């Protein structure tokens, strides 16, 4: 039994390479670059901070069933959100904004810390039948916007560099996007269920958190303004059903978003503390202290 457990242990960095390689059209060169990106720590001058988390190894067991690919069928938003079985279960757990009309706009207010800088942030997430638009206001700076069609925008222009990374993290590393990505034809693949850390002293007696791992891939042939990462790996807590972590790629770096605090308010469940690491170095943290929901009118 111990030999079997040892054989099934796999670090999450290796899991990322397997996930990226599951895209049948991915070139050998792309796989090589991705593997190198996971191993190389990129020094970012604006983000010179100590590590927040250590990499976690995971134990994989059983088989990985496919979840059918999404698409656009019909014009009813909530009806279309029920097409993916994995997503349908998750959206009902999160709350009324994904099941009841009149809550298409969510507004989050809080504090965003980037390196040594702090900002007052206001994030509006707006649902419609074709996807989601995310509007971000940092202090008195220009508006930052993301949507399925245009990608990341700053002041009406295409966002680049660190600004683009900031927008995509806030927009896409989100439980809402796990649900709404299907509206743009993203693919869902359940990598494994009941995954546990492999660095525990005794895997047989482990009673900590375990996860269902779901890979969400961006549709092939998407416009060039698609996100920097062609996939995201979602860690859904098998006990709570909530999101604990999202892993993605930014050029040659691995980005992990850790959801460390959730609240229930007015029939909605939302994360109120998210920390991002880039190659295991803390680069950004979001703390939400105000939440409201309403219709588009």
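The values are calculated or read from the model by the stated rules, or taken from the named source; none is laboratory data. In this text the structure is predicted, and so the values were computed from the model without any measurement. Backbone-built Cβ (ideal geometry, glycine too); neighbour counts: all protein chains shown.
Would you say residue 164 is at negative phi, assigned to a strand (DSSP E or B) and either touching a residue at least 24 places away in the same chain (Cβ under 8 Å) or exposed (fewer than 14 other Cβ atoms within 10 Å of the Cβ) (or both)? Considered against the rule, which asks whether it is at negative phi, assigned to a strand (DSSP E or B) and either touching a residue at least 24 places away in the same chain (Cβ under 8 Å) or exposed (fewer than 14 other Cβ atoms within 10 Å of the Cβ) (or both), residue 164 comes out as no.
Can you tell me which residue within segment 186-201, out of those that are in a loop (DSSP other than H, G, I, E, B) and in contact (Cβ under 8 Å) with a residue 24 or more places away in the chain, is nearest to residue 231 (Cα to Cα)?
As a first pass, look at segment 186-201 and keep what is in a loop (DSSP other than H, G, I, E, B): 186, 198-201.
Among the residues that remain, those that are also in contact (Cβ under 8 Å) with a residue 24 or more places away in the chain are: 186, 198-199.
Working: 186: 9, 198: 24, 199: 26 Å.
Here the residue is 186.
Summed over segment 267-285, residues that are over 14 Å from residue 107 (Cβ atoms) and assigned to a strand (DSSP E or B) total 13. Residues that are out of contact with any strand residue (DSSP E or B) (no Cβ under 9 Å at 6 or more places or on another chain) and either buried (at least 16 other Cβ atoms within 10 Å of the Cβ) or part of a strand (DSSP E or B) (or both): does segment 146-155 have at least one? No, segment 146-155 contains no residue that is out of contact with any strand residue (DSSP E or B) (no Cβ under 9 Å at 6 or more places or on another chain) and either buried (at least 16 other Cβ atoms within 10 Å of the Cβ) or part of a strand (DSSP E or B) (or both). Only one of the numbered conditions (1) closer than 27 Å to residue 149 by Cβ; (2) at pLDDT below 95; (3) assigned to a strand (DSSP E or B) is not met by residue 225, and that is (3).
Can you spot a residue in segment 75-96 that is at pLDDT below 95, outside any helix (DSSP H, G or I), over 21 Å from the mean Cα position of the chain (by Cα) and more than 22 Å from residue 172 (Cβ to Cβ)?
yes
Right, residue 183: closer than 23 Å to residue 106 by Cα, part of a strand (DSSP E or B) and more than 10 Å from the chain's Cα centre (by Cα) or not? No; evaluated as a whole, the condition is false for this residue. Looking across segment 98-121, not a single residue is more than 25 Å from residue 281 (Cα to Cα), assigned to a strand (DSSP E or B) and free of Cβ contacts under 8 Å to residues at least 40 places away in the same chain. Of everything in segment 167-198, what is over 17 Å from residue 215 (Cα atoms) and surrounded by fewer than 20 Cβ atoms within 10 Å (Cβ to Cβ)? Give them in sequence order. Correct list: 197, 198.
Within segment 110-124, the presence of a residue that is under 18 Å from residue 295 (Cα atoms), at pLDDT below 85 and crowded, with 18+ Cβ neighbours inside 10 Å is excluded.
Residue-level check: of (1) touching a helix residue (DSSP H, G or I) at 6+ places or on another chain (Cβ under 7 Å); (2) farther than 16 Å from residue 179 by Cα; (3) in a strand (DSSP E or B), residue 263 misses just (1).
When you check residue 220 against the structure, is it touching a strand residue (DSSP E or B) at 6+ places or on another chain (Cβ under 6 Å), modelled with pLDDT under 95 and within 22 Å of residue 86 (Cβ to Cβ), yes or no? Against the criterion (touching a strand residue (DSSP E or B) at 6+ places or on another chain (Cβ under 6 Å), modelled with pLDDT under 95 and within 22 Å of residue 86 (Cβ to Cβ)), residue 220 does not qualify. In segment 229-257, of all residues being over 22 Å from residue 161 (Cα atoms) and in contact (Cβ under 8 Å) with a residue 60 or more places away in the chain, the one that is surrounded by the most Cβ atoms within 10 Å (Cβ to Cβ) corresponds to 243.
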